[in-house]
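The values are calculated or read from the model by the stated rules, or taken from the named source; none is laboratory data. Here the structure is a predicted model, which is why all the values come from computation and not from measurement. Glycine gets a Cβ as well: all are built from the backbone with ideal geometry, and neighbour counts include every protein chain shown.
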Amino acid sequence: MRLKSEESLLLIVDLQAGLLPVVAGGEQAVAEAAWLGGVAETLSIPVWVTEQYPQGLGGSEPRLLEALREPRLWQKVHFNAHAEPDFAAALADSGRRQVVLCGSEAHICVMQTGLGLLEAGYEVYWLSEASVSRRAAEAQLARERMVRCGAVPVSADMVAYEWLHRCDDERFKDVHRRFLKPRSARPLRFF
């Protein structure tokens, strides 16, 4: 199961301004999701962003949206984004079968979306450093459960290099200059 840029989609679930102040690791999740979103957009990989009840939880974190050029925004009321009929139909129509998944809260909306995607036959890649909850232990439990159910745990670097696949073309040079080289000095925290 290797990630392929032409089959992938990055799905960022509910990294919302009203929720993030109480989420453990929220700052890192936004930074990692925004970073991988930039890589995805550079490689013409769709980036979708969901918002759970934005009237109460606020819209997506502004820093996330500022980092992305053209994310597709989805508002939802189901915890499982794939339970939203328009979302499920658009995903099926996209032809993308590999979903790199992250967001908050890991043990609620991210996990339920991941389970829904797995049930529908999609390959799910759990972006560990960008899947967070109010309590870190709940994010860890969600990751463990998703892995037992068939999701593949990944890091943002892992995903980026699999999407790139090789180092001898202009795509790699562009992504390396803009995203990979500046990142090499940043420490990461995993659960």
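Details
- For the stretch 50-69, the count of residues that are under 16 Å from MET158 (Cα atoms) and not small (Gly, Ala, Ser) is zero.
- Residues located in the stretch 136-152, provided they are buried (at least 16 other Cβ atoms within 10 Å of the Cβ), touching a helix residue (DSSP H, G or I) at 6+ places or on another chain (Cβ under 8 Å) and of a type outside the set (D, E, K, R): ALA139, LEU141, ALA142, MET146, ALA151
- Counting the residues of the stretch 129-157 that are out of contact with any strand residue (DSSP E or B) (no Cβ under 8 Å at 6 or more places or on another chain), aliphatic (A, V, I, L, M) and free of Cβ contacts under 8 Å to residues at least 40 places away in the same chain gives 2.
- Residue list for the stretch 44-60, restricted to those being modelled with pLDDT under 95 and in contact with a Ser or Thr (Cβ under 6 Å, 6 or more places away or on another chain): none
- Matching residues, the stretch 42-63, being part of a helix (DSSP H, G or I) and within 22 Å of HIS82 (Cα to Cα): PRO54, GLN55, GLY56, LEU57
- Only listed residue being surrounded by fewer than 22 Cβ atoms within 10 Å (Cβ to Cβ) and either under 20 Å from LYS4 (Cβ atoms) or under 16 Å from the mean Cα position of the chain (by Cα) (or both), chosen from SER104, SER155: SER155
- Some residue of the stretch 114-128 being modelled with pLDDT of 95 or more, out of contact with any strand residue (DSSP E or B) (no Cβ under 9 Å at 6 or more places or on another chain) and surrounded by 16 or more Cβ atoms within 10 Å (Cβ to Cβ): yes
- Residue match in the stretch 168-189 (condition: modelled with pLDDT of 95 or more, under 22 Å from LEU15 (Cβ atoms), among the basic types (Lys, Arg) and touching a strand residue (DSSP E or B) at 6+ places or on another chain (Cβ under 8 Å)): no
- The stretch 1-35: number of residues that are in contact with a strand residue (DSSP E or B) (Cβ under 7 Å, 6 or more places away or on another chain), over 16 Å from ALA156 (Cα atoms) and among the charged types (D, E, K, R): 2
- Residue that is nearest to VAL132 (Cα to Cα), among those in the stretch 12-26 that are touching a helix residue (DSSP H, G or I) at 6+ places or on another chain (Cβ under 8 Å) and in a helix (DSSP H, G or I): GLY26
- Selection over the stretch 59-81 of residues that are over 17 Å from GLY18 (Cβ atoms) and in contact (Cβ under 8 Å) with a residue 40 or more places away in the chain gives a count of 2.
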